[in-house]
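Here the structure is laid out as structure tokens; the discussion comes afterwards.
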């Protein structure tokens with residue numbers, strides 16, 4: 001009788017176990033009880049600090065976006081920054097640290113640094129950042145059930161970029177979208193001026209009184225991929241590095257023996273534009289609408305087992 005009962009139970013359980021195995025998400029589930037501390041490599045001290053997740057998000061929002069921005073823009077930044085670090089925490093779980101506190105990942109500023117940065121406005125700005133983080137507590141972005149790598153940058157050219165045109169991989173939620181609000185940014189345009197001979201020397205080109213420029217390839221967002229200057233081909237990135245430009249969206253013009261380089265936008269252009277987020281907030285959009293505009297076909301989810 002016991003054998004018959006055992007066989008019956010096994011028969012019932014096998015289909016359930018099989019289904020659970022087949023349909024379990026291959027990405028590790030982010031459980032707050034297991035991942036409540038972010039391992040942050042502090043670039044100045046060269047040490048690794050364990051920082052509570054929500055405290056870390058506050059320091060990143062404060063470091064990455066002006067506290068004077070609209071609350072909905074700050075909330076969008078909080079969700080994007082939280083999602084980004086969660087993605088890195090899963091990716092780097094077997095490494096010594098999750099993220100670096102610089103632009104190599106996300107800028108994180110502690111309270112002592114913020115007191116120096118904000119001065120007499122410390123309490124006011126900190127309260128605003130806390131509000132943005134608290135109102136979006138433990139929320140992050142997913143695509144197809146997995147944590148999204150929510151890249152962001154300062155200012156678009158009017159459009160964001162497809163990930164594969166700037167980096168290597170094609171990511172389905174990092175698609176080019178219109179960002180018509182960015183002209184409010186103080187770094188939307190920048191002009192740089194160089195003497196022609198110095199400009200050519202900087203590019204290791206023969207000094208001449210001629211400048212012939214031909215753009216041979218652009219991204220969907222208008223950034224330069226390939227450009228030919230006096231018969232030598234360069235990538236847009238090479239020109240940016242040579243002249244420390246803000247963007248690969250630029251124009252080159254020769255006027256009276258001076259070379260003028262005018263750039264549009266600031267940053268890599270993939271994901272959420274921060275000044276675009278501010279423009280959307282000013283236009284009445286909510287943080288979740290901002291997130292879903294810049295990250296294609298995503299959802300916002302809350303960490304399981306979070307404590308409020």
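The values are calculated or read from the model by the stated rules, or taken from the named source; none is laboratory data. Quick caveat, the model's predicted, so the values are computed rather than measured. Cβ placement follows ideal geometry from the backbone for every residue including glycine, while neighbour counts extend to all protein chains displayed.
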So for the stretch 224-239 (the condition being out of contact with any helix residue (DSSP H, G or I) (no Cβ under 8 Å at 6 or more places or on another chain) and assigned to a loop (DSSP other than H, G, I, E, B)), does at least one residue qualify?
yes
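Let's see how each residue does on (1) in contact with a strand residue (DSSP E or B) (Cβ under 8 Å, 6 or more places away or on another chain); (2) within 19 Å of residue 155 (Cα to Cα); (3) at pLDDT below 95:
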{"site": "207", "(1), (2), (3)": "no, no, yes"}
{"site": "234", "(1), (2), (3)": "yes, no, no"}
{"site": "238", "(1), (2), (3)": "no, no, no"}
{"site": "285", "(1), (2), (3)": "no, yes, no"}
{"site": "293", "(1), (2), (3)": "no, yes, no"}
Inspect the stretch 151-161 for any residue being within 19 Å of the chain's Cα centre (by Cα), assigned by TED's automatic domain parsing to the domain that holds residue 79 and either assigned to a helix (DSSP H, G or I) or more than 18 Å from residue 247 (Cβ to Cβ) (or both) and give the result as yes or no.
no
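Rundown of residues vs (1) closer than 19 Å to residue 155 by Cβ; (2) assigned by TED's automatic domain parsing to the domain that holds residue 291; (3) at pLDDT below 95; (4) out of contact with any strand residue (DSSP E or B) (no Cβ under 6 Å at 6 or more places or on another chain), yes/no style:
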{"residue": "179", "(1), (2), (3), (4)": "yes, yes, no, no"}
{"residue": "199", "(1), (2), (3), (4)": "no, no, no, no"}
{"residue": "221", "(1), (2), (3), (4)": "yes, no, yes, no"}
{"residue": "250", "(1), (2), (3), (4)": "yes, no, no, no"}
{"residue": "253", "(1), (2), (3), (4)": "no, no, no, no"}
{"residue": "260", "(1), (2), (3), (4)": "no, no, no, no"}
Looking at 238, 289, which is the one that is free of Cβ contacts under 8 Å to residues at least 12 places away in the same chain, closer than 29 Å to residue 149 by Cα and assigned by TED's automatic domain parsing to the domain that holds residue 138?
289
